[in-house]
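See below for the structure under consideration.
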Amino acid sequence: MLEKEIAEYLVKSSNKSLNVKAFLFDMDGVLFNSMPFHAVSWCKAMKEFGLSITEQQAYMNEGRTGAGTINELAMQQWGRQATPKEIEDIYKRKAEIFVSCGTAEPMKGAVNLLNSIKKSGFKIVLVTGSGQKSLLDKLNHSFPGIFTPENMVTAYDVKYGKPNPEPYLMGLKKAGVSAWEAVVVENAPLGVRAGVAAGIFTIAVNTGPLPNEVLSREGANVIFPSMQYFAEHWDEVCGGLR
Ligand code: MG
């Protein structure tokens, strides 16, 4: 498995080999089935502040920090950047609505996959644009023994956020590995773009409503249909990456 995809990666990234030691995991839509809640919360919160975003747009913007998403829309619809106060107010409201949506469950297959990866001796680092405290706090409960502050990059750590490669470059640093020693696991188009721009072999899991085409256009090296599929095929994926 993955022979052809790795060969293509080596050509495109100009790396000589792929010698995987670490996995860099996105959170929303990968570890938690939280994207439907995020999409709804963005739509409602933006509307209250006179901005409009469709759920489809929310999925397309996934991966940006809250400030990044708000500024993107403010530029389009107001013709200017949002002020720090506007960003704070909108993001606070969005986070409130998100919490009121209920509990985002762990993605089916995610716990098994993380445990298998850990058992196989790879490092695991979280790389998320999210600053949603309710989910970040839930990580340890849902995925016991996997994540500590030392192996997490969140909205609070980055300056630019995805689609800039910055968060994944920080993830590499936290794992103590080079781009050719890591794999990114992402569900969002902009997250895939960030992983690819960081020179990392990027596995897209298409857990949302967007077509695969959107993920391959951003350079995903391989696309899996779900985290469950990834978990069920871990042995083959692991064999292919070693
Ligand atoms: Mg995501």
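The values are calculated or read from the model by the stated rules, or taken from the named source; none is laboratory data. Nothing here was measured: the structure is a model prediction, and the numbers come from that model. Counting neighbours? That spans all protein chains shown, and the Cβs are built from the backbone with ideal geometry, glycine included. Ligands, DNA and RNA are excluded from the accessible area calculation, which covers all protein heavy atoms including side chains. Shrake-Rupley method; radii C 1.70, N 1.55, O 1.52, S 1.80 Å.
Rounded if a/c is under 1.5, else prolate if a/b is larger than b/c, else oblate: which is segment 128-242, with a ≥ b ≥ c the root eigenvalues of its Cα gyration tensor? Rounded shape, in that the Cα axes give a/c under 1.5. Across the chain, the longest piece that holds none of the chymotrypsin sites (Phe, Trp or Tyr not before Pro) lying in DSSP loops with up to 14 other C-beta atoms within 10 Å covers 1-155.
Of the trypsin sites (Lys or Arg not before Pro) found in segment 18-80, the ones in coil according to DSSP and having at most 14 other Cβ atoms within 10 Å of their Cβ are ARG80. Each Cα pair under 8 Å and six or more residues apart adds its sequence gap; the mean of these over the residue count of segment 120-215 is a relative contact order of 24 percent.
Checking the cross-link pairs LYS94/LYS118; LYS47/LYS138; LYS44/LYS119; LYS44/LYS174; LYS4/LYS108; LYS85/LYS133 against a 30 Å limit on the alpha carbon distance flags LYS94/LYS118; LYS44/LYS119; LYS44/LYS174 as lying beyond it. THR154 exposes around 10 Å² of accessible area when a 1.4 Å probe is run over every protein chain in place. Of all beta bridges that DSSP places with both ends in the chain, some 5 percent have antiparallel geometry. Contact order, relative form, for the chain: 28 percent (alpha carbon pairs under 8 Å, 6 or more residues apart, mean separation divided by residue count).
The order of HIS141, HIS38 by accessible area, most exposed first and with a 1.4 Å probe, is HIS141, HIS38.
Mean silhouette area of segment 35-100, derived from the convex hull of its C-alpha atoms and averaged over all directions, reads 3.8 nm². Dividing the helix sum by the residues of the chain, where each DSSP H run of 4 or more adds -39500 (n - 2.57), gives a mean residue ellipticity at 222 nm of -14000 deg cm²/dmol.
When both segment 22-69 and segment 167-242 are represented by their alpha-carbon centers, they are found 19 Å apart.
In this structure the chain gives 45 Å² per residue of accessible area when probed at 1.4 Å with all protein chains present. Among residues other than LYS173 with Cβ under 11 Å from its Cβ, the summed charge is -1 (Lys and Arg +1, Asp and Glu -1).
Are there GluC sites (Glu not before Pro) in segment 52-91 that DSSP marks as loop and that have at most 14 other Cβ atoms within 10 Å, and which are they? Here no loop site has a sparse enough neighbourhood. Computed about its Cα centre, the charge dipole of the chain is approximately 420 debye, with only Lys, Arg, Asp and Glu carrying charge at their Cβ. Positive contributions from Lys and Arg (+1) and negative ones from Asp and Glu (-1), summed over other residues with Cβ under 12 Å from the Cβ of VAL153, come out at 0. Among the protein heavy atoms of the chain, carbon and sulfur supply 53% of the accessible surface, probe 1.4 Å, non-protein parts ignored.
Under the criterion of Cα pairs below 8 Å and six or more residues apart, the relative contact order for segment 35-100 equals 39 percent.
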